[in-house]
Amino acid sequence: MIWNETFECMSRDEMRKLQSIRLKRVVEHVYHNTPFYRKKMQEMGITPDDIQSIDDIVKLPFTVKKDLRDNYPFGLMAVPMSEIVRLHASSGTTGKPIVVGYTRKDLSVWAEAVARCLTAYGLTRNDSVQVSYGYGLFTGGLGAHAGVENIGGTVIPMSSGNTQKQIQLMHDFGAKALACTPSYALHIAETIQESGIPIEEFKLRVGVFGAEPWTENMRKELQEKLHIKAYDIYGLTEICGPGVGGECECQNGTHLWEDNFFPEIIDPVTLKPVEPGQQGELVFTTLTKEGMPMIRYRTRDLTHLIYDKCDCGRTAVRMGRILGRSDDMLIIRGVNVFPSTVESILLELPEFEPQYMILVDRVNNTDTFQIQVEVRPEYYSDEMNKMIALKKKITNRMQSVIGLQPDIKIVEPRSIERSIGKAKHVIDKREFK
Ligand code: DLL
């Protein structure tokens, strides 16, 4: 099933023609309506006339998160505020939030983007979707919500938290799909197990998981625990929210809706496009947004693009799993460490839960690197020898994959705090020194 075959299955030539027309239009729009972009283009000595096709995109300046903060709250809007019908914001870790405004048409493009994803997961108007992403300024809840309504499905607008109630209503209402972060899905799965209600009594078949990096091993774990097929949904506030792309039944890459959101992969150091298929930083230009278009927005997400036609019949470009954000990457004693690698290793070892906390500090000018890991109840023991053997096993595994020996601290079952939204896995005390 495909929601919008014209755009999802367009030939590459046709897609590039469409992207060229749309890029020219959006560049005209921001040049004339957003002083920030006009100034940047003038500084580079270019005008909208220099943009004749999608290939000319490389002439345009990049936009970064700081630009959004510097223009807080409404400085990047390209329409009068009377045209803006919705605001969302993302707080990030430091400083002012970034604010995004949507026109009525922007909301409808966004709702279609999510509808395309849900359809690609096999959901239809006959299905109900429990939306357990947070509602509010975060785009997850309302974004997923609009997509479900768009396909004519039934939304169960739970928002996040109150996990006991989540599982009770999921059970009683017979939700076919659960939309939330993968870490919250894991917490929900654990809570179902503890409740004693057999998983067979749930009608759940599909997971709509995103908003944070997750691994193939985590997919396996969630699919087994919840008896579902778990699909990726990707997005970011600056571009619209969830639904910039989603997987299809092939579960082999996340299709990006490139008629609306044009992706590029650049080398984050040289800022030049990488060779096709190579890993780098994902950059988006919104081709249809009116309220607050983004020109070459640097996401900081590291991934690669796949242009081959997918077995599902869609031609829309696919993105590999997000390895992490370049700003989430830890550099510990000179070694690059992604939290997702730790997650993946834990999921390979039957003795551990995929729950962990990385603590980094600097003592006597040397980085310290501790990983707290939670042992599964059936492997937890008072016997020192058993725990020491377990510690050795995981330390060796981490060292061989990461290339750095962590100080492993095994903690009791259920002692690491569960997340109801985006999980926090790192405390880096070096930031404050
Ligand atoms: O997280 C939007 C969203 C909501 C996406 C619900 C999917 C589902 P932000 O809070 O602005 O927006 O965070 C965006 O989260 O740049 C990635 O680093 C990360 N992210 C989002 N989806 C995925 C994913 C929402 N599927 C940032 N895989 C992005 C990996 C993801 N990382």
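Only the coordinates and a few stated rules stand behind these numbers; no lab work does. In this text, all values refer to a predicted model and were calculated from it rather than measured experimentally. Methodologically, a virtual Cβ is constructed for each residue, glycine included, from the backbone with ideal geometry; neighbour enumeration extends over all protein chains shown.
Side notes on the structure shown:
- Filter result (touching an Asp or Glu at 6+ places or on another chain (Cβ under 8 Å) and either among the aromatic types (Phe, Trp, Tyr) or farther than 26 Å from LEU118 by Cα (or both)) within the stretch 233-279: TRP257, ILE266, ASP267, PRO268, PRO273, VAL274
- In the stretch 195-225, residue farthest from ARG300 (Cα to Cα) [restricted to those that are of a type in the set (Gly, Ala, Ser) and either within 11 Å of the ligand (Cβ to nearest atom) or touching a Lys or Arg at 6+ places or on another chain (Cβ under 6 Å) (or both)]: GLY210
- Within the stretch 22-42, not a single residue is in a loop (DSSP other than H, G, I, E, B), loosely packed, with under 14 Cβ neighbours inside 10 Å and over 28 Å from the mean Cα position of the chain (by Cα).
- Subset of the stretch 196-228 [of a type in the set (Lys, Arg) and part of a helix (DSSP H, G or I)]: ARG219, LYS220, LYS225
- Considering residues of the stretch 327-336 that are surrounded by 16 or more Cβ atoms within 10 Å (Cβ to Cβ) and under 19 Å from ASN365 (Cα atoms) only, the residue nearest to the ligand (Cβ to nearest atom): LEU330
- There is no residue in the stretch 370-379 that is loosely packed, with under 12 Cβ neighbours inside 10 Å and either farther than 28 Å from GLU194 by Cβ or small (Gly, Ala, Ser) (or both).
- Selection count where residues are within 13 Å of the ligand (Cβ to nearest atom) and assigned to a strand (DSSP E or B), scope the stretch 229-279: 19
- Just one of the listed residues (GLN130, GLN168, GLN164) is under 26 Å from HIS425 (Cβ atoms) and either more than 16 Å from the ligand (Cβ to nearest atom) or more than 23 Å from the chain's Cα centre (by Cα) (or both), and it is GLN164.
- Among (1) part of a helix (DSSP H, G or I); (2) under 27 Å from ALA316 (Cβ atoms); (3) over 23 Å from the mean Cα position of the chain (by Cα), the one test that ALA78 misses: (1)
- Among the residues of the stretch 43-84, those identified as crowded, with 16+ Cβ neighbours inside 10 Å and of a type in the set (S, T, N, Q) are THR63, ASN71.
- Looking at the stretch 309-402, the strands (runs of 3 or more DSSP E) lying wholly inside it that each contain 1 or more residues that are within 25 Å of THR299 (Cα to Cα) and polar (S, T, N, Q) sit at 335-337.
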